Amino acid sequence: MKSLVLTPYCPWPLDTGTKVEMMKHLNVLRELGPCCIASARRKPVGFGWTEEAFAELSNQGFQLVFRENAHGLTLMQLIGLIYAIFCKAMRLDKAFGHSNPYHRFAFNSDWLYQLSKEYDLFVMQYGFWSRAPTACPKAIIVHELLSNYHWGGHRRETTEFGSANLLLVVGYDEFIDLKKRGLTSVLWSPPAVQEEALPLNDQIGLIGTRAPQNMKGLRWLEQADVKVKVKINVFGNMAGEIRSSICKPVGRYGLQTEPYTQCGIHLLTRPDRPGLQIKAVEALAYGRAIVARRGSMRGLPDKDCAWITVDSPEAMIEAAVDLQRNREKREALARKAKNFYRKYLDHDEIISKLKKAYINISKVF
């Protein structure tokens, strides 16, 4: 099976949850046959394509093709760039929904159609280009339903998604949303993280990059009126932005499991928004005791009480300290996390379902 995958930017190195999710699909498709990545080197969209990244993905067996090799900047792409400059200057962040011209016209539909003639399956990372006709079956990966919280595009999004042979949705609640809209070819495909048996200690951890939603979560936690002695180990480059004495900067780490090995209790502080953060899946896969701000576990089935949900930073710290002091509670919550993972997020089952879905809609079957 020959597949073509449209990515708006370089998916390597794996320094964000979205890139990890992008590579999950790319690796599955590469196992099924030759896989070509189509992307852009320059704006609109298009970034991260260093010579090192190009060489690495080529060495992994992917073919690469770029928009700029086929044509120059089009009128609609120029309009999209002007639109983006205006919205950024006016701080109209919500204007970057499904129908905004910056993303919508970043790739020429005729170019995509001509490319698709050579392949058995066309997979689009994000749904901005779902309206584009293809000469082979089309799958769309829905990382987030942007129309749920950005301006405009909800009705158009649903109509255009209807042209896809398969919709792959990261968040469970968004999977339910699309089913309610009447779309039938939908599969819930959350991040696939291998289960690990890690020792459970009483240290408290928080992981994050400098992404806006992570920074909002950090500031929310730091405003807590702390009445107990606590030390929160902060991993990732967000550690360089700490302003509170309750947080201890750890910073960069190597292995994906390192923060979870060092800390048996994990805090999830991201504000409520669409999508599913991979850190939530990792904490469950590694059997951590989780204290989560309401909304930060969005994208997972709201069942089985596998974590503690809080509404204030004070309540989060109080719950974390209680778990730190009470080994039985900590171990019981960690077991619930593992059981939740095995019921809903088993790595092998996620990958198996994804492979079957791609095979079933491919032109060669």
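The values are calculated or read from the model by the stated rules, or taken from the named source; none is laboratory data. Bear in mind that the values here come from a model prediction, so they are computed numbers and not experimental data. Cβ atoms come from the backbone with ideal geometry, glycine included; neighbour counts cover every protein chain shown.
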Any residue at all in segment 209-217 that is touching a strand residue (DSSP E or B) at 6+ places or on another chain (Cβ under 9 Å) and crowded, with 16+ Cβ neighbours inside 10 Å?
yes
Conditions (1) at negative phi; (2) in contact (Cβ under 8 Å) with a residue 40 or more places away in the chain; (3) under 19 Å from the mean Cα position of the chain (by Cα); number of the one not met by residue 290
(3)
Selected residue [modelled with pLDDT under 95 and in the same structural domain as residue 139 (by TED's automatic domain parsing)] from 33, 97
97
Just to be sure, is residue 341 in contact (Cβ under 8 Å) with a residue 60 or more places away in the chain, more than 16 Å from residue 172 (Cα to Cα) and either among the small types (Gly, Ala, Ser) or surrounded by 19 or more Cβ atoms within 10 Å (Cβ to Cβ) (or both)?
no
Scanning for something without any contact (Cβ under 8 Å) to a residue 24 or more places away in the chain and in contact with a helix residue (DSSP H, G or I) (Cβ under 8 Å, 6 or more places away or on another chain), does segment 124-137 turn up at least one residue?
yes
It is to be established whether one or more residues within segment 77-90 are surrounded by fewer than 13 Cβ atoms within 10 Å (Cβ to Cβ), under 17 Å from residue 101 (Cα atoms) and among the small types (Gly, Ala, Ser).
yes
Search segment 130-150 for residues being under 19 Å from the mean Cα position of the chain (by Cα) and part of a loop (DSSP other than H, G, I, E, B), and hand back the single one that is surrounded by the most Cβ atoms within 10 Å (Cβ to Cβ).
145
If you take the residues of segment 65-118 that are of a type in the set (Asp, Glu) and in a helix (DSSP H, G or I), which of them is nearest to residue 139 (Cα to Cα)?
110
Criterion: buried (at least 19 other Cβ atoms within 10 Å of the Cβ) and either in a loop (DSSP other than H, G, I, E, B) or not assigned by TED's automatic domain parsing to the domain that holds residue 41 (or both) - qualifying residue of 182, 127
127
Test result for residue 269, farther than 30 Å from residue 166 by Cα and either modelled with pLDDT of 95 or more or exposed (fewer than 15 other Cβ atoms within 10 Å of the Cβ) (or both):
yes
Suppose we filter 156, 181 for residues that are farther than 25 Å from residue 345 by Cβ and charged (D, E, K, R); which single one remains?
156
Enumeration of residues in segment 102-124 that are within 17 Å of residue 43 (Cα to Cα) and either within 23 Å of the chain's Cα centre (by Cα) or of a type in the set (Val, Ile, Thr) (or both):
102, 103, 104, 105, 106, 107
For segment 13-20, state whether one or more residues are in a helix (DSSP H, G or I), within 19 Å of the chain's Cα centre (by Cα) and of a type in the set (Val, Ile, Thr).
yes
What's the number of the condition residue 65 fails, among (1) β-branched (Val, Ile, Thr); (2) closer than 29 Å to residue 236 by Cβ; (3) at pLDDT 95 or above?
(2)
Let me confirm something: among 41, 67, 104, which residue is surrounded by fewer than 18 Cβ atoms within 10 Å (Cβ to Cβ) and among the charged types (D, E, K, R)?
41
Identify, by number, the condition in (1) closer than 30 Å to residue 348 by Cβ; (2) touching a residue at least 24 places away in the same chain (Cβ under 8 Å) that residue 19 doesn't meet.
(2)
Applying the selection to segment 136-160, what residues are more than 26 Å from residue 3 (Cα to Cα) and among the hydroxyl-bearing types (Ser, Thr, Tyr)?
147, 149
Members of segment 110-129 that are at pLDDT below 95 and of a type outside the set (Phe, Trp, Tyr):
127
